[in-house]
1. Enumerate the amide H contacts of residue 108 below 5 Å, restricted to partners 5 or more residues apart or on another chain; note that Pro and chain-start residues carry no placed amide H.
2. Assuming 0.36 nm per residue, please report the length gained on full extension of the stretch residue 116 to residue 98 beyond their Cα-Cα distance.
3. Which peptide among 153-161, 210-218 comes first, and what is the full order, when sorted by highest mean count of other Cβ atoms within 10 Å?
4. Which order do the peptides 34-40, 48-54 take when ranked by the mean count of other beta-carbon atoms within 10 Å per residue, highest first?
5. Based solely on its DSSP helices, what 222 nm [θ] is calculated for the chain when runs of n ≥ 4 H residues each add -39,500 (n - 2.57) and the sum is averaged over all residues, nearest 500 deg cm²/dmol?
6. Please give the contour-minus-distance gain from residue 5 to residue 160: 0.36 nm per residue of separation, less the Cα-Cα distance, rounded to one decimal in nm.
7. Please give the peptides 125-132, 11-18 ranked by average Cβ packing (other Cβ atoms within 10 Å per residue), highest first, as a rough proxy for protection.
8. Given a Förster radius of 22 Å and the C-beta distance between residue 90 and residue 145 as r, what FRET efficiency does 1/(1 + (r/R0)^6) yield to the nearest 0.05?
Amino acid sequence: METLRRRIEATGRDPAGVRIVAVTKGFTADAVHAARRAGLYDIGENYADELLAKVAGDAETGVTGITLDTDTGAVDGDDGPATRWHYLGAVQRRRVRALAPVVSCWQTLSRVAEGTTIASHAPGATVLVEVETTGAPGRNGCVPSEVPALVASLRGEGLDVRGLMTVAPPGEPEQARPAFRLTAQLARDLGLPEVSMGMTDDLDVALSEGSTMVRVGRALFGERALRPA
């Protein structure tokens, strides 16, 4: 955690002004405990099954040691603030009903239909719009030119559109700078306060371009095991 804080400070940013989302994808519930012990209460998951297993302490999945009070979001045996679960995977509408009671922030909205489904199960939910800046086929996200219209439509659904997020194109961290700069500028143009950009390898570039939120797994927990096929 100290190494991560030093990286943030090296970009000229105050760590207190950067939200760190601890990404526990591929790690056991012990990673959630470790993050909370380090004072990190924003936890990110990419897969619905993993998120639900961690919050339920589902022993059948091999994920143990954490249970959730669904009224408060608090982890048993921990007096810290409630965990804020961030859903980082592409939104599958059929899973929204199960996820809605525990997800604090949906980070990857790319279509109005996703927002409609979320609003029906979690009125007023906090969401981010994912911006797709690479043009690569199969990538989740909304192309930049369509972001303003999507933000307006999601607000029309009663959702709290808090900001934008993006995933950098593959390659060296510096290659992500144009994507980060474009996303941050879009957020400013739309008056959105949150910009979720940057992961373990490229968070330095993202922070220098105005990211307010970084999504970090390996920098906190080390290398993760490969997900079974």
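Where a number appears in this text, it was derived from the coordinates with a stated rule and is not lab data. Nothing here was measured: the structure is a model prediction, and the numbers come from that model. Backbone-built Cβ (ideal geometry, glycine too); neighbour counts: all protein chains shown.
1. Long-range HN contacts for residue 108: 128.
2. In short, 4.9 nm is gained.
3. 210-218, 153-161
4. 48-54, 34-40
5. -9500 deg cm²/dmol
6. That pair, residue 5 and residue 160, stretches by 52.9 nm at full extension.
7. Descending packing order for the listed peptides: 125-132, 11-18.
8. 0.60
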